[in-house]
Amino acid sequence: MTIRIIGDSASDLPKDFFSNEKVDLIPLKVLFGETEYEDMVTIDSSKVYEAMRGGEVVKTSQASPVFMKELFTDVAKKNQTAIYVAFSSELSGTYQTAVLMQNEVLEEFPHLDLTIIDSKCASLGYGLVVKRVAELANNGASKEELLASVEYDITHMEHVFTVDNLDYLARGGRVSKASAFVGGLLNIKPLLHMEDGKLIPLEKIRGRKKVLRRMVEVMRDRNGFDTAGQRIGISHGDDLATAQALKEMIEESTECDDFTITSIGSAVGAHAGPGTIALFFLNGKKA
């Protein structure tokens with residue numbers, strides 16, 4: 001790879017992706033009990049979901065400034081060109097901290113060639129952006145080509161998701177506690193999406209199967225072009241069976257055959273909770 005690509009653990013890509021594709025991983029922090037963990041490095045998301053199901057309150061925090069500064073310094077010392085596609089600034093302070101660390105490194109190494117991009121994306125929607133730019137970098141694409149790819153993908157990436165339990169979103173202030181209580185009683189499943197990096201409620205639907213069908217409908221409505229050749233991302237909160245069911249529903253009504261399915265990592269899963277199902281796709285065809 002001629003240009004170094006950097007991503008963080010909120011991308012919900014498998015750990016081996018980073019080693020296999022030679023992409024640098026910046027881990028966010030996960031806290032529960034008396035211990036702080038590094039997402040994807042010292043803790044696995046399955047342990048987080050187990051803790052949450054057991055009533056444990058799991059918190060997250062942004063990536064280590066020291067880690068980022070050391071990484072950016074390494075880029076400078078090796079005279080490399082690097083692109084860091086970061087987790088949405090609306091959901092984490094990681095992007096802002098990265099910019100601060102970049103400025104500190106620039107004071108000592110003015111030649112640092114690092115571009116930091118606020119993806120305005122989350123989970124595997126963010127991961128698909130990182131995956132695509134890493135593929136292009138490995139194939140020798142120029143810096144300009146890579147930046148154009150990232151810009152297109154983050155502008156067109158759709159996030160449509162539902163959660164199994166509203167309580168976790170209520171803890172994070174995404175829905176009111178009263179709504180979470182009533183929703184639980186009535187089996188209401190919220191459908192949410194992202195607008196400019198923020199989580200926005202879209203609809204309320206009664207029943208798990210109905211909300212999955214509605215997700216497929218939203219994808220078809222927003223896709224805007226033939227789905228053949230479209231890369232689809234599905235991430236899940238420790239619920240692979242439902243993720244596979246959603247994939248089958250999409251296959252039945254579209255020509256999609258390129259799927260990436262991953263578990264939602266600790267950094268995102270701690271707020272969305274077990275049973276979350278998320279769908280990602282581009283809403284316009286690439287040139």
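Magnitude of the charge dipole for the range 1-157, about its Cα centre and with charges confined to Cβ atoms of Lys, Arg (+1) and Asp, Glu (-1), is about 160 debye.
Residues of the chain were split at every exposed loop site, defined as trypsin sites (Lys or Arg not before Pro) in a DSSP loop with at most 13 other C-beta atoms within 10 angstrom, and the longest piece left, sites excluded, is 79-284.
Taking the Cα centre of the chain as origin and charging only Cβ (+1 Lys, Arg; -1 Asp, Glu), how large is the dipole, in debye to the nearest 20? List each step's numbers first, then the result.
Numbers: 32 positive and 42 negative charges, 186 e Å.
The dipole of the chain has a size of about 900 debye.
Take the Cα of ARG231, step 7 Å along the line toward its Cβ, and report every residue of the range 105-144 whose backbone nitrogen sits under 13 Å from that point. It comes to 124-139, nothing else.
Taking 0.36 nm per intervening residue step and subtracting the Cα-Cα distance, what contour gain separates LYS247 from ASN139 on full extension? Provide the component values of the computation, followed by the final result.
Working: separation 108, 0.36 × 108 = 38.88 nm, distance 2.90 nm.
Contour length minus the Cα-Cα distance gives 36.0 nm.
Seen against the Cα atoms of the chain and their longest principal axis, helix 123-138 is set at about 40 degrees. Roughly how tilted is helix 177-186, in degrees to the nearest 10 and between 0 and 90, from the longest Cα axis of the chain? Once rounded, the angle reads 50 degrees. Using Cα atoms only, what is the angle between the long axis of helix 143-156 and the major principal axis of the chain, expressed in degrees (0 to 90) to the nearest 10? Roughly 20 degrees between the two axes.
When you have a sec, figure out the Kirkwood radius of the chain from all distinct Cα pair distances and drop it here in Å to one decimal?
Final number for the Kirkwood radius of the chain is 19.4 Å.
Given R₀ = 35 Å, FRET efficiency for ASP16-TYR152 by Cβ-Cβ distance, to 0.05?
Efficiency for this residue pair is about 0.85.
Across the range 88-101, coupling constants 3J(HN,Hα) worked out from phi with the 6.51/-1.76/1.60 Karplus curve, θ = phi - 60°, read 3, 5, 7, 10, 7, x, 4, 4, 4, 5, 4, 5, 4, 5 Hz, and Gly and Pro carry x. Largest mean-square fluctuation among SER89, SER142, SER266, in a Gaussian network model of the chain whose springs join Cα atoms under 10 Å apart, belongs to SER142.
Laboratory data are not the source of any read-out in this text; all were calculated from the coordinates shown. Being a predicted model, the structure only gives us computed values, none of them experimental. Please note: Cβ atoms are built from the backbone with ideal geometry, for glycine as well, and neighbour counts cover all protein chains shown.
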